[in-house]
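Down below is the structure, laid out as structure tokens.
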Amino acid sequence: GPDPRAYPARAVVDLAAVRDNVRALADLAPSSQVMAVVKADAYGHGLVASALGALAGGATWLGTAQPGEALALRAAGVGPDRARVLTWLYPPGAPLRDLVEADVDVSLAARWAVDEVVAAARAAGRTARVHLAVDTGLGRNGIMPADLPDVLDAVARAEAEGAVRVVGMWSHLAFADEPGHPTVVAQADVFDEAVREAARAGVVPELRHLANSAATLTAPRTHYDLVRPGLAAYGMTPVPQLGPPSRFGLRPAMTLEARLATVKRVPGGHGVSYSHHYTTPQDTTLGVVPLGYGDGIPRHASGGGPAGAPGGPVLVGARPGEPGGRVVRVAGRVCMDQLVLDLGPDATERAGDVVTLFGAGDGVARGGVPTAEDWAQAAGTISYEITTRLGARVPREHV
Ligand code: PLP
């Protein structure tokens, strides 16, 4: 691994948490298989290690957006005996033959994709395993119901020829993070009708799948044969309005910590960081955290400014992994490589002390360790973006 002295911060990823979270999700959807969604480097947690953690928790499928992510799993030794892999987002010209030969399942979201996968299967001399993506109302990737007859006709012929096998039929929800939103059931109804239409065309998928994390947690109607959680597998919740992760038996897998680079006394009235959006209210101690937007820390989580916004929360004064300490907020602007904390007049911290930006817990509002969700709130975004954007410069340490 990287020389820890050469990098002042690290993201510790608790793979037992990923395993336990997937177990908890499997328990919530007892009649469904679990596809752990590991796209975007497993939401920043590390693709292969996280995938293995999820498989240890009972996931039988891994989901990726880009073909390269699926091929990387296979190249890392996650073979078809260990996990089915589905990839769902690619323009024309993707290496479909490589995917077929690597035993990766391929989503089909347009007529051209059927033609390309049939050509790839013929070239490989294999049967391609495909999942038909239906746009049941998200308005994103997927076949519009009006276009289904044409695609089903082509797929039925390809299946008869042995070029493809329709393993799945699937869709994705627009409002799952608003539990009870009427479009959730409406999309499920459209999905059911699409499945019936496929059957009439002689296309019968083995697996129907619709649910992301939010639907897995809150909408059993959408569980079908397989659920596709991403965020929740990493211990975060897409429905923070319903309570903290622990309410669903989840715990955040990632802890982001850094060692203070500088601790110094400054007088009251001292401007802090670019444009002095924060000014010390009294003689105090500043601590410099060597993480910034170059590491994916959102600049929107700066503190102060004309509106006096509370910056992102950082736990200081606690020994790593032990209770205690106090939460201080980012003072002034988050820079590319660093951010500043006002540690207060009585601070005893020293350069080299470990601080925690976020970790496992239920968040500062409940008196706990700050979470990615807390950072999302400080930055006006969602927790997905906090872990996923964590930069490649931050070493991941899997424990
Ligand atoms: N399924 C599809 C098609 C997705 O694009 C995603 C991620 O956005 C997921 C499932 C997992 O979503 P979540 O992280 O909300 O569980």
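Quick notes
- Within the stretch 85-102, considering residues that are over 16 Å from G230 (Cβ atoms) and open to solvent by less than 40 Å² (accessible area, probe 1.4 Å), the one nearest to the ligand (Cβ to nearest atom): Y90
- Test: residue in the stretch 249-257 that is among the polar types (S, T, N, Q), more than 23 Å from G139 (Cβ to Cβ), part of a strand (DSSP E or B) and open to solvent by 50 Å² or more (accessible area, probe 1.4 Å): no
- Looking only at the stretch 169-179, and only at residues there that are crowded, with 23+ Cβ neighbours inside 10 Å and touching a residue at least 60 places away in the same chain (Cβ under 8 Å), the one that is nearest to A110 (Cα to Cα): W170
- The set of residues in the stretch 320-329 being open to solvent by 70 Å² or more (accessible area, probe 1.4 Å) and part of a loop (DSSP other than H, G, I, E, B) consists of P320, G321, E322, P323.
- Here V184 fulfils each of the conditions (1) open to solvent by less than 70 Å² (accessible area, probe 1.4 Å); (2) away from the ligand (no atom under 15 Å from the Cβ); (3) assigned to a helix (DSSP H, G or I) apart from (2).
- Scope the stretch 278-308; condition in contact with a strand residue (DSSP E or B) (Cβ under 6 Å, 6 or more places away or on another chain) and open to solvent by 60 Å² or more (accessible area, probe 1.4 Å); matching residues: T279
- If only residues of the stretch 103-113 that are open to solvent by 10 Å² or more (accessible area, probe 1.4 Å) and under 17 Å from V155 (Cα atoms) are counted, the one that is nearest to the ligand (Cβ to nearest atom) is A109.
- Residues in the stretch 114-158 that are buried (at least 23 other Cβ atoms within 10 Å of the Cβ), without any contact (Cβ under 8 Å) to a residue 40 or more places away in the chain and outside any strand (DSSP E or B): G142 alone.
- Cβ pairs under 7 Å, 6+ apart, first in the stretch 205-220 and within 18 Å of A174 (Cβ to Cβ) and of a type in the set (G, A, S), second near the ligand (Cβ under 8 Å from one of its atoms) and assigned to a helix (DSSP H, G or I): S213/L231; S213/A232
- Residues of the stretch 193-225 satisfying the condition of being open to solvent by less than 10 Å² (accessible area, probe 1.4 Å) and either away from the ligand (no atom under 14 Å from the Cβ) or within 26 Å of D153 (Cβ to Cβ) (or both): A194, A198, V203, H209, L210
- Elements of the type strands (runs of 3 or more DSSP E) sitting completely within the stretch 1-84 and holding at least 3 residues that are within 16 Å of the ligand (Cβ to nearest atom) and at pLDDT 95 or above: these cover 33-37, 61-64.
- Of all residues making up the stretch 8-37, the number that are within 18 Å of R84 (Cα to Cα), of a type in the set (S, T, N, Q) and buried (at least 20 other Cβ atoms within 10 Å of the Cβ): 1
The values are calculated or read from the model by the stated rules, or taken from the named source; none is laboratory data. Predicted, not measured: the structure shown is a model, and the values here were computed from it. In this analysis, Cβ positions are derived from the backbone assuming ideal geometry, glycine residues included, and neighbour counts consider all displayed protein chains. What goes into the accessible areas is simple: the full protein's heavy atoms, side chains included, and nothing from ligands, DNA or RNA. Shrake-Rupley method; radii C 1.70, N 1.55, O 1.52, S 1.80 Å.
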